[in-house]
Amino acid sequence: MKRIVTAICVLLLAVPLACSCAQNNSAGTGAGEGRSSTEAAAKAEAWVDNDILDLCIYNTDTLNPLTTSVKHNAEVLSFMYDSLYTAQSDFSAAANLAENASVSPDGLTYSVQIRSGVQFSNGETLAANDVAASINTIIASNGYYKNRLTMIKGAAAKGNRVEIYLKKPTANLNVLLDFPILPKGGKEEHAKGENNDVLSSVIPGSGIYQLSEYQLNKEIRLKVNRSHHSGAMPYIETVVIHMAADRETAVSMLENSRIDMLTGYAADIETYTPRKKLNYKTYNGCRFVFLGMNTKEKEANTPKVRSAVSAAIHREDILSAGNVNAVISSLPVHPGAYLYSSDTDLYGINQSGAGGLLAAEGWADTDSNGILDKTVLSKKYELSFELLVSADSPTKTLIAESVRKSLSALGINIKIRSLPYAAYQSKISSGDYELFLGETELLPNFDFDDISTLSKLNQKDIALSDEIKDTQSATDSMTQKENYSQILSLYSAQRPVAGLYFKNEVLLCDERIKAENILTLNPYKSVHTWSITD
């Protein structure tokens, strides 16, 4: 997601750039041409005063983008750096510093050929050992990127290729390889700085912007890198990264027009009332909110009953009840991802279909008390579940109540049990639950293991690993999509989880920036294959 944010912020603010790209395409000229147009330049200046984009970082623990623990800071600092691949809005990957890649037959070695002729701003030439050192720095750190690379054991340079050694086969690994690449030489000195001060210097990069000036603990001033390997030249000449004490200070700076943009989860929009009018742009995120369902078989808990529960939930009502900025999904794959296929959602999001499914299973309201029941071997069972929810989240309580109303309308009795987070988590970990309302951060590659892990939350002996085993190392996008369809069909049949939605992420913008016109643009493709998405 870092590169999506970077592209939104930098490359840049909309219609003038789109026009320039269209001119380049029709003329077949270089990617940097066309920006001398007086009209286009005038429009560009209208977006950001004085041709400067003001951003900020806060709670700054280090200026090393590989080891910072602050997600927002990692995103902003990445303006100065290139990555092996660029993550796009549909969670596919476009090559940047990577020329090509291959996967070993066992899926445990990912080999990437490095683009030649790329230079860092300190004059050093990019080499495979820079990439290997960057990967090894991340996995040895406690930074933001570490959790995304837990499947990597290490990396080593082999000529102009870097070999990435995996603990397990990982689908769509290239989407995760969008972290900054730093020069190996002198990196430790840059990371520590003088007198062990991690904020004393800025590490050079090879990105589309490069360091112009650094005022210690105040601001980092960037200028366009006119030697960038892509040839792409953004309209905004200068980016100033201000250093704020904390997020509250950063928000205040945005409200007082001292900075132009600030990233954040949709939760910021749900609970935040700005002091002045702000614009915002939402984009795809990976925080998945779901209903966990214990898969231990009972009369009132079979795969078809779980499927009916999933189908019966009114997800639109949930978004409204919780005032949630999100995208509905009953599966653990974002609907905006190129891998997503609605065909794998066997019963769809349809309450009438859920009622028919339960009726076919023999569930009916025989005593007219509003709750479906079923008699098996002379014993009567009611279709009833206890739903665990964390008491620490008022929004989750509203969502749980909306789920209860949806299911009650179908004759499924839901008893909400609100617990302190520690007790809530303990019950889930021990499997002592029927339903729970959960939230987790999925990796943007939507690896098959994400699906398997969610399944194992509910029943230790249910795993999709056998079905996944032979498909993990596939690199062809069509093959990947077919494999995902097969795996998700198996997942849908078991229904260990009823997905609710994916939270959107949000780019908060100063009022003068028209957020609805911001476009993301991948500058690293050839001029004949510009990719511009809203």
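Data for the structure
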item	result
Single residue of Thr282, Thr295 found to be open to solvent by less than 10 Å² (accessible area, probe 1.4 Å), touching a helix residue (DSSP H, G or I) at 6+ places or on another chain (Cβ under 8 Å) and either farther than 14 Å from Leu500 by Cβ or of a type in the set (Lys, Arg) (or both)	Thr295
Residue count, region 398-413 (criterion: open to solvent by less than 10 Å² (accessible area, probe 1.4 Å), of a type in the set (A, V, I, L, M) and out of contact with any Gly (no Cβ under 7 Å at 6 or more places or on another chain))	4
Candidates Ile414, Ile371, filtered to the one that is of a type in the set (Val, Ile, Thr), closer than 19 Å to Lys304 by Cβ, touching a Lys or Arg at 6+ places or on another chain (Cβ under 6 Å) and modelled with pLDDT of 90 or more	Ile414
Qualifying positions in region 96-117 - of a type in the set (Gly, Ala, Ser) and farther than 14 Å from Leu176 by Cβ	Ser102, Ser104, Gly107, Ser111, Ser116, Gly117
Qualifying residues in region 161-198 (those that are modelled with pLDDT of 95 or more and open to solvent by 20 Å² or more (accessible area, probe 1.4 Å)) - the one farthest from the chain's Cα centre (by Cα)	Arg161
Selection status of Lys276, assigned to a strand (DSSP E or B) and out of contact with any Cys (no Cβ under 6 Å at 6 or more places or on another chain)	no
Positions within region 423-444 being part of a loop (DSSP other than H, G, I, E, B) and at pLDDT below 90, in sequence order	Gly431
Output for region 58-85, where each listed residue is closer than 21 Å to Pro183 by Cα, in contact with a Phe, Trp or Tyr (Cβ under 8 Å, 6 or more places away or on another chain) and open to solvent by 10 Å² or more (accessible area, probe 1.4 Å)	Ser69
Residues of region 362-382 satisfying the condition of being surrounded by fewer than 14 Cβ atoms within 10 Å (Cβ to Cβ), touching a residue at least 12 places away in the same chain (Cβ under 8 Å) and closer than 14 Å to Ser408 by Cβ	Asp365, Gly370
Residue match in region 103-115 (condition: among the polar types (S, T, N, Q), crowded, with 19+ Cβ neighbours inside 10 Å and either free of Cβ contacts under 8 Å to residues at least 60 places away in the same chain or not in a helix (DSSP H, G or I) (or both))	no
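The values are calculated or read from the model by the stated rules, or taken from the named source; none is laboratory data. Just so you know, these numbers come straight off a predicted model, no measurement behind them. Reconstructed Cβ throughout: ideal geometry from the backbone, glycine too, with neighbour counts over all protein chains shown. All accessible areas refer to the heavy atoms of the entire protein, side chains included, with ligands and DNA or RNA removed. Shrake-Rupley method; radii C 1.70, N 1.55, O 1.52, S 1.80 Å.
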